There are 2 protein chains.
Amino acid sequence: MRKQRQGASDAGLSKQRVVIEAIRLADCEGVDGLSMRRLAGALGAGAMSLYYYVANKEELLDAMIDVVFEEIELPPEGTDWQSAMRRRAVSARQVLARHPWAIGLMESRTSPGPANLRHREAVTACLRRAGFPVLMATHANWLLDSYVYGFALQEASLPFDTADELANMTEDVFLPQLPPDEFPYLNESAAALVAAGCDPAEEFIFGLDLILAALDPLRASA
Amino acid sequence: MRKQRQGASDAGLSKQRVVIEAIRLADCEGVDGLSMRRLAGALGAGAMSLYYYVANKEELLDAMIDVVFEEIELPPEGTDWQSAMRRRAVSARQVLARHPWAIGLMESRTSPGPANLRHREAVTACLRRAGFPVLMATHANWLLDSYVYGFALQEASLPFDTADELANMTEDVFLPQLPPDEFPYLNESAAALVAAGCDPAEEFIFGLDLILAALDPLRASA
DNA sequence: TTGACTATCGTACAGCGTACGAGCATAGTA
DNA sequence: TACTATGCTCGTACGCTGTACGATAGTCAA
């Protein structure tokens, strides 16, 4: 049967609905707050019902990660390669900032899902068409992905979200931990950072454009 | 009393011994295999004894991360800035490859430990002394750390360790998942990668040197 | 009517982090 | 010597986790 269940937002379970709700829960409560029982509860179902759609929690996490990859824009065709790669990298950062738990999950999950593969194919295609030799495209791929993931990881571990919070935290929490004679340079940096404000999106672009510019001459011309 | 306990390798507990053994366990069994009970067992102690040295598991994980940072070489003084940064980045990659669980833990732990702070101070000092203006040094720091962490993250999620395993896995696992008409570029890359071999250490150096070279002209000369 | 198949879930179990408090050895004090 | 304080260890118990197993009920074909 496919009619009313007693839960609130209901229209029958499905793997998709389970995974989407799991992502919503992880976004709200963090990945540690995601348990099969809580997830089932949010879906108005019994805990064990989930196992009809998902073999175990590992598979659920894999599926969640792949949905995250689906959210990332593919590099658009029809522009120069740098614009295309910038576009997809910026999108990736945004998506990973929206789902901070995803980055921490990647270490433990080793087999890429279909969306992940499609993404990699599109990126590699873009680089190859731009004139990068095969192995150079691989290098570029590693380099760009490292930057994107690493940036997302650092951003996820920042304890603040806005420039204001940064200023407050710096004054109240960081500086007291940093005796100026032991950490003169960190004090200097903190002060400069508060004065200048700090937008992760801009910070991201700085490194990204630097990498893209440095990669450009490595194409086999065209 | 400070004499014999019934456990095997014993000479009294201490926070240091607890943390070190926790790292050993996480290295061997993965961070999921690290439970307070198992850790206590490995130390020949009762589970609750650990809580005399550690407020809770979170604090234990924080301490483990900080020990990992202690293992990373500081940028040596007395060489040019690029050599110094290369040295510490290579060391960081090695250490994170040795403790793959660490990278996945960083997302959730927001307050840096003392070894982490000392490390950041040393890196910032190196950049400032090399002539980078304050904000440029911050940019360089973000960029380099992003690359290091992101590379470590990708490396940790590789399901193989050696070039041989790569070749085997490619043939047996990856290529069957990659129909050539849907993934022509990934097939091409996989083939080239198997033919060329693939050493993560070399791969790492490629991107690292590219970044260092691109950063060099951003110093306020000297 | 029968049986297979799809979907849901209750119960139970082993293992988790840890609150609470009891227990013991030693050091200091009277 | 007796008493107390302190440092350290740990047994028990509670509420949580993932999930194995089996029961249940609705649907459809024969």
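The values are calculated or read from the model by the stated rules, or taken from the named source; none is laboratory data. From a predicted model like this one, the values you see are computed outputs, not experimental measurements. Ideal geometry is used to build each Cβ from the backbone, glycine not excepted, and the neighbour counts take in all protein chains shown. Note: areas computed on protein heavy atoms with side chains; ligands, DNA, RNA excluded. Shrake-Rupley method; radii C 1.70, N 1.55, O 1.52, S 1.80 Å.
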Inset, instruction - Would you be able to say whether some residue in the range B:89-100 is of a type in the set (A, V, I, L, M, F, W, C), buried (at least 16 other Cβ atoms within 10 Å of the Cβ) and within 16 Å of DNA strand D (Cβ to nearest atom)? - result: no
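Residues are listed down the side, and each one gets a yes or a no for (1) more than 10 Å from every other protein chain (Cβ to nearest Cβ); (2) touching a helix residue (DSSP H, G or I) at 6+ places or on another chain (Cβ under 9 Å):
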site: A:Glu155; (1), (2): no, yes
site: A:Phe160; (1), (2): no, yes
site: A:Glu165; (1), (2): yes, no
site: A:Thr170; (1), (2): yes, yes
site: A:Pro179; (1), (2): yes, yes
site: A:Ser189; (1), (2): no, yes
site: A:Ala201; (1), (2): yes, yes
site: A:Ile205; (1), (2): yes, yes
Inset, instruction - Could you tell me which of the residues B:Gly78, B:Gly44 is more than 16 Å from DNA strand D (Cβ to nearest atom), on the phi > 0 side of the Ramachandran plot and of a type outside the set (Val, Ile, Thr)? - result: B:Gly78
Inset, instruction - Considering only the range B:121-161, state which residues are of a type in the set (D, E, K, R) and in contact (Cβ under 8 Å) with a residue 60 or more places away in the chain. - result: B:Glu155
Inset, instruction - Determine whether the range B:140-153 contains at least one residue that is farther than 30 Å from B:Asp27 by Cβ and not polar (S, T, N, Q). - result: yes
Inset, instruction - Determine the pairs where a residue that is assigned by TED's automatic domain parsing to the domain that holds B:Ala191, located within the range B:166-179, has a partner that is of a type in the set (Phe, Trp, Tyr) with Cβ atoms under 8 Å apart, the partner being 6 or more residues away or on another chain. - result: B:Leu166/B:Phe160; B:Asn168/B:Phe160; B:Met169/B:Phe160
Inset, instruction - Tell me, please, whether a residue that is of a type in the set (A, V, I, L, M) and over 27 Å from B:Leu175 (Cα atoms) can be found in the range A:50-61. - result: yes
Inset, instruction - May I ask you to verify whether B:Ala167 is farther than 13 Å from B:Arg93 by Cβ, assigned to a loop (DSSP other than H, G, I, E, B) and not charged (D, E, K, R)? - result: no
Legend entry - Complete set of residues in the range A:176-197 that are farther than 15 Å from B:Thr124 by Cβ and surrounded by 15 or more Cβ atoms within 10 Å (Cβ to Cβ): A:Val194
Legend entry - Total residues in the range A:118-146, condition more than 19 Å from A:Ile72 (Cβ to Cβ) and either open to solvent by 20 Å² or more (accessible area, probe 1.4 Å) or more than 8 Å from chain B (Cβ to nearest Cβ) (or both): 10
Inset, instruction - Could you tell me whether A:Glu59 is assigned by TED's automatic domain parsing to the domain that holds A:Ile205 and either open to solvent by 20 Å² or more (accessible area, probe 1.4 Å) or in contact with a Cys (Cβ under 6 Å, 6 or more places away or on another chain) (or both)? - result: no
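Here's the yes/no breakdown for (1) within 14 Å of chain A (Cβ to nearest Cβ); (2) modelled with pLDDT under 95; (3) within 16 Å of DNA strand C (Cβ to nearest atom):
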position: B:Gly46; (1), (2), (3): no, no, yes
position: B:Tyr52; (1), (2), (3): no, no, yes
position: B:Glu58; (1), (2), (3): yes, no, yes
position: B:Ala63; (1), (2), (3): no, no, yes
position: B:Pro75; (1), (2), (3): yes, no, no
position: B:Ala92; (1), (2), (3): yes, no, no
position: B:Val95; (1), (2), (3): no, no, no
Legend entry - Residue count for the range A:47-56, restricted to those that are within 9 Å of DNA strand D (Cβ to nearest atom) and farther than 14 Å from A:Ile20 by Cα: 6
Legend entry - All positions within the range B:106-117 that are modelled with pLDDT under 95 and at the interface with chain A (Cβ under 8 Å from one of its Cβ atoms): B:Met106, B:Glu107, B:Ser108, B:Arg109, B:Thr110, B:Ser111
Inset, instruction - Please indicate, with yes or no, whether at least one residue in the range B:28-42 is assigned by TED's automatic domain parsing to the domain that holds B:Ala137, open to solvent by 30 Å² or more (accessible area, probe 1.4 Å) and charged (D, E, K, R). - result: no
